[in-house]
Amino acid sequence: MEPTKKMYDMIGVGIGPFNLSLAALLDDQPEVDSLFFEQTPKFDWHPGMLIEGTKMQVPFIADLVTMADPKSPYSFLNYINENDRMYQFYFLQRLDIPRREYNDYCQWVAEQLESCQFGKRVMNTKHIKDEEEYFEVEVLDLETETTDVYYTRNLVLGTGTRPTMPRSFQDLPEEDVFHTADFLKNEERCKKASSITVVGSGQSAAEAFRELLKEQREHKFRLDWITRSPGFASMEESKLSLEHFSPDYVNYFYGLPQQQKDEIFASQGLYYKGISNHTITDIYDLLYEFSVGREELDVGLQVLSEVKAIKKKTDGSGYEITCQHLQTGETFVHESEVVITATGYTPYVPPFIEDHLSSLLHWDEKGRYEVEADYRLKLTEATSNQIYVHSGISHTHGVGSTNLGLAVHRNKVIINHLMDQEVYRIPEKSIFQKFNV
């Protein structure tokens, strides 16, 4: 490596809440030289689901910094204060905040951090063995279409997830059949449709259905909600259940055999995939109110029904959705002009990982990252260079891996390891119950 080239201590790929939190905490560590790259032009957290009236599912204290440093200038309360909204927030008397406000708060933080660069796509990353080992990172500026090369001792991957749709739903017109991730972009299209069907049973499905239900009587479309689940189940939100989203449970879960982890994680859907109680209440209240006066509701909620296929109607007026009832085995065909899928997300592994770093990493038998307890990817060779990771670790670190309430804890662990000292104290016990003996 040429001695004139600047060497960073850490380069982050992707700027979602987890890497933004890390960037904010590192801003108070001048001895660490870091950069974070994000291909979108600005911070935007699930922009397709920033529906007015939706709330965060974690308290505002789970911001980017407070659970490590309550005195940080990047706290949510300082954001409120700097925007002259302290009394409004005080009178709001709520722990949960609007989702749109959380996004605005994160944008406010990102705009202040020189280490966060947007409109920059990481195209390639190589592990170089020279007189000094390091990573070479090739970055494309999407505005100027120029490419720069950066050098770093360590990487941190915050590449997030991508929406997933069943194969049968793919390759259909995007304005007719789309994922809830694109809901707001297609909201006006929905209002012009004669019929709309939401497929899925989690929080995103419920929020899209609730928003459409508010508009249904005015715009006169038929509205249906289909799920293969036994019911529209509420999320487990009792206080002791929430302790599964704690460092203690992460440590307990990590220590289990992988087969047992997979079995446990598969049984914990209602901890993170159910519908919030207030959302279910809102929907039921709307249905009840709309039924006053013996009014016939042009709305349907169908459970225990799995979508098997979808095809365009021969007259071009919409789609035929073939479903099978999971208990009776009966098959039926449902028609809809617009179909919205709430079929989840999968961790995104960037192409540069597969192209140039795959041989450096350990992969399990299912093709997933193998991850150390301190969020480093397990490497196939000895090196002082590390790759830390935020996404694609639910199989190793459990149900709280995508929970914002654990973002700061994870970054405390990463910073302590990166700096080889206890910059942030990690309490031995943070909850009331014990998961092991």
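Beyond a 22 Å Cα-Cα separation, which of these cross-linked pairs lie in this structure: K220/K308; K6/K126; K192/K312; K5/K126; K191/K308?
K220/K308; K191/K308
Long-range amide H contacts for Y319: which residues qualify at under 5 Å (H placed 1.01 Å from N, peptide plane, sequence gap of 5 or more or a different chain)?
K313, S336, E337
Taking H as built 1.01 Å from N, whose amide H comes closer than 5 Å to the amide H of T341, not counting residues under 5 places away?
Long-range HN contacts for T341: F178, H179, T180, V199.
What fraction of the DSSP beta bridges in the chain is antiparallel, stated in percent and rounded to the nearest 5?
55
Treating cross-link reach as a plain straight distance, find the lysines whose alpha-carbon is under 16 Å from the alpha-carbon of K261, omitting any fewer than eight places away in the same chain.
Once the sequence-local lysines are set aside, what remains near K261 is K366.
In deg cm²/dmol, rounded to 500, what helix-only [θ] at 222 nm does the chain give when every DSSP H run of at least 4 residues adds -39500 (n - 2.57) and the total is split over its residues?
Computed mean residue ellipticity for the chain: -7500 deg cm²/dmol.
Out of the GluC sites (Glu not before Pro) in the range 274-335, which ones are loop residues according to DSSP with at most 10 other C-beta atoms within 10 Å? Write out the running numbers ahead of the final one.
On the way: sites: E289, E295, E296, E306, E320, E330, E335; in loops: E295, E296, E330.
In loop regions of the range 274-335 (DSSP not H, G, I, E or B), the sparsely surrounded GluC sites (Glu not before Pro) are E295, E296, E330.
Taking loop as defined by DSSP and a crowding limit of 10 other beta carbons within 10 Å, which trypsin sites (Lys or Arg not before Pro) in the range 308-415 fit?
Qualifying residues, ordered by number: K366.
Give the aspartates and glutamates whose C-alpha is closer than 17 Å to that of K71, dropping any in the same chain fewer than 8 places away, or say none.
Qualifying aspartates and glutamates at Cα under 17 Å: D27, D28, D63, E82.
Taking the Cα centre of the chain as origin, sum charge times position over the Cβ atoms of Lys and Arg (+1) and Asp and Glu (-1), and report the length of that vector in debye to the nearest 20.
With only Lys, Arg, Asp and Glu charged at Cβ, the dipole is about 1120 debye.
Taking N as the number of residues in the chain, what is its Cα Rg relative to 2.2 N^0.38 Å?
That ratio works out to 1.06.
Arrange the peptides 337-350, 5-18 so that the one whose residues have, on average, the most other Cβ atoms within 10 Å appears first.
5-18, 337-350
Starting with the highest mean, order 281-287, 100-106 by the number of other Cβ atoms within 10 Å, averaged over the residues of each peptide.
With the highest mean Cβ count within 10 Å placed first, the list reads 100-106, 281-287.
Ranked highest first by the average count of other Cβ atoms within 10 Å around their residues, in what order do 215-224, 42-51 fall? Kindly include the intermediate steps, with their values, before the conclusion.
Values: 215-224: 16.4, 42-51: 17.9.
By packing density, highest mean first, the sequence is 42-51, 215-224.
Ordered by residue, what ³J(HN,Hα) values in Hz, to whole numbers, does the range 330-335 give under the Karplus form 6.51 cos²θ - 1.76 cosθ + 1.60, where θ = phi - 60° and Gly and Pro are x?
For the range 330-335, the Karplus-derived couplings read 5, 9, 9, 10, 10, 10 Hz, x marking Gly and Pro.
Would you list, by chain and number, the lysines whose Cα falls below 20 Å from the Cα of K429, excluding same-chain residues fewer than 8 positions away?
Filter leaves K239, K412.
Scan the range 47-98 for trypsin sites (Lys or Arg not before Pro) in coil per DSSP, keeping those whose Cβ has at most 15 other Cβ atoms within 10 Å, and list them by number. Please list the in-between numbers first.
On the way: sites: K55, K71, R85, R94; in loops: K71, R85, R94.
When the trypsin sites (Lys or Arg not before Pro) of the range 47-98 are filtered for loop state and at most 15 Cβ neighbours within 10 Å, K71, R85, R94 remain.
FYI, it's all coordinate maths here, none of it is from the lab. Being a predicted model, the structure only gives us computed values, none of them experimental. Cβ sites come from the backbone with ideal geometry, for glycine too, and all protein chains shown count toward neighbours.
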